[in-house]
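Participant: Take this structure, written in structure tokens, and hold onto it; I'll ask about it next.
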Amino acid sequence: MKSISNQVLTSALLTNMVKNQWDRYAYIYERGIGQGGDTLHDNLIDPLIFKYLGNKKYQTIVDAGCGNGYLLKRLSGLADLVIGLDYSIKLLETAKRKISGNRKIKLIQTDLTKQLPLEKASVDVIIANMSLQYLPSLKVFAEECQRTLKKNGLLIVTVDHPGHFLFSRAQELAGKKDPHFIEADSYFSERKFKKNSLWGQAVLEYYHRPLKSYLNVFSRYLRLIEVDENSQDGETPRILGLLFEKNG
Ligand SMILES: C[S@@+](CC[C@H](N)C(=O)[O-])C[C@H]1O[C@@H](n2cnc3c(N)ncnc32)[C@H](O)[C@@H]1O
């Protein structure tokens, strides 16, 4: 593993990467999420993550797609080392400001669709918190979770529930198009879409995939322990939570 200090490291792999939307919207994201997360994180996402983490202490937790790093300090209360991975330099800079002085937290600029800058069997928990819907493919990330997790290590996933998209498609078919979703399609379509996002201040590109795609890609390498479907209104699914464990 590259030596990492409490600073952002730039990978040569990334120099040719297309301009990413998260750099463009980093300011808006930081303003909306801030130190502690927005209401979606507070009410639906973070409770899942901390339920899956339980009251245990860990050596190493990886926050894969850490964004502005709102979760890092909280995670550092549960682990000796917390590693925040993200490819947005601008978001990593906001994360760096948040963690200043905390020597238990490292940040590394990383593309989650490539090999992770982590040693084999070195990580207790990988958290992919609302980041996987921005990856064009999950295959390499799933393989990398299998490679880098210790035996009995955990993968925690939160994503926009794919059924949220389905609900919007149903509204569209009923002539009540949800302005949030610029385009909707069959629940089973697996491709890039655009939606109005970030509190109505940005158009984001994301990858919709049906539930089975999330389950199948990780189940090839890890054992599924728990599935949660959190809702804002008690009727429609909003956030999908998945907990996997590495057996062998
Ligand atoms: C919706 S934000 C979530 C950030 C944070 N986990 C949270 O919940 O607030 C999605 C994050 O995924 C990161 N991301 C998207 N694609 C990525 C990739 N290929 N490699 C690394 N990070 C990526 C973005 O930079 C962004 O920080």
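Participant: Quick one: A128 ticks every box in (1) farther than 21 Å from N247 by Cα; (2) within 11 Å of the ligand (Cβ to nearest atom); (3) buried (at least 18 other Cβ atoms within 10 Å of the Cβ) bar one, so which box is it?
Facilitator: (1)
Participant: Go through segment 59-73 and report how many residues are within 12 Å of the ligand (Cβ to nearest atom) and in a helix (DSSP H, G or I).
Facilitator: First, the residues of segment 59-73 that are within 12 Å of the ligand (Cβ to nearest atom): 62-72.
Narrowing further to those that are in a helix (DSSP H, G or I): 72.
The qualifying residues number 1.
Participant: Then there is this: List, please: which pairs have Cβ atoms under 9 Å, are six or more places apart or on different chains, and start with a residue in segment 83-112 that is in contact (Cβ under 8 Å) with a residue 12 or more places away in the chain and within 16 Å of F141 (Cβ to Cβ) and end with one that is near the ligand (Cβ under 9 Å from one of its atoms) and β-branched (V, I, T)?
Facilitator: These pairs meet every condition: L85/T110; D86/T110; Y87/T110.
Participant: Is it true that F188 is farther than 22 Å from R24 by Cα and in contact (Cβ under 8 Å) with a residue 24 or more places away in the chain?
Facilitator: Numbers: farther than 22 Å from R24 by Cα: yes; in contact (Cβ under 8 Å) with a residue 24 or more places away in the chain: no.
In short, no.
Participant: Every residue in segment 37-54 that is surrounded by 15 or more Cβ atoms within 10 Å (Cβ to Cβ) and of a type outside the set (F, W, Y), please.
Facilitator: Result: G37, D38, L40, H41, L44, I45, D46, P47, L48, I49, L53.
Participant: What pairs come up if the first residue lies in segment 57-70 and is at pLDDT 95 or above, the second is crowded, with 24+ Cβ neighbours inside 10 Å and in a loop (DSSP other than H, G, I, E, B), and their beta carbons are under 7 Å apart, counting only those six or more places apart or on different chains?
Facilitator: These pairs meet every condition: D63/L71.
Participant: Taking interchain pairs and intrachain pairs at least six residues apart, which have beta carbon atoms under 6 angstrom, with the first residue in segment 214-225 and farther than 17 Å from H161 by Cβ and the second modelled with pLDDT under 95?
Facilitator: R223/N247
Participant: Then there is this: Residue pairs, Cβ under 8 Å, 6 or more apart or interchain, first in segment 130-158 and more than 21 Å from Y206 (Cβ to Cβ), second assigned to a helix (DSSP H, G or I) and not aliphatic (A, V, I, L, M). List them.
Facilitator: L154/Y52
Participant: Considering only segment 147-165, how many residues are crowded, with 20+ Cβ neighbours inside 10 Å and part of a helix (DSSP H, G or I)?
Facilitator: 4
Participant: Give me a count of the residues in segment 168-188 that are modelled with pLDDT of 85 or more, of a type outside the set (A, V, I, L, M, F, W, C) and loosely packed, with under 14 Cβ neighbours inside 10 Å. Write out each step before concluding.
Facilitator: Quick first cut of segment 168-188, residues modelled with pLDDT of 85 or more only: 185-188.
Checking the rest, the ones that are also of a type outside the set (A, V, I, L, M, F, W, C) come to 185-187.
With the extra rule that they be loosely packed, with under 14 Cβ neighbours inside 10 Å, the set shrinks to 186.
Selection size over segment 168-188: 1.
The values are calculated or read from the model by the stated rules, or taken from the named source; none is laboratory data. Note that the structure is a prediction, hence the values are computed from the model and not measured. Cβ sites come from the backbone with ideal geometry, for glycine too, and all protein chains shown count toward neighbours.
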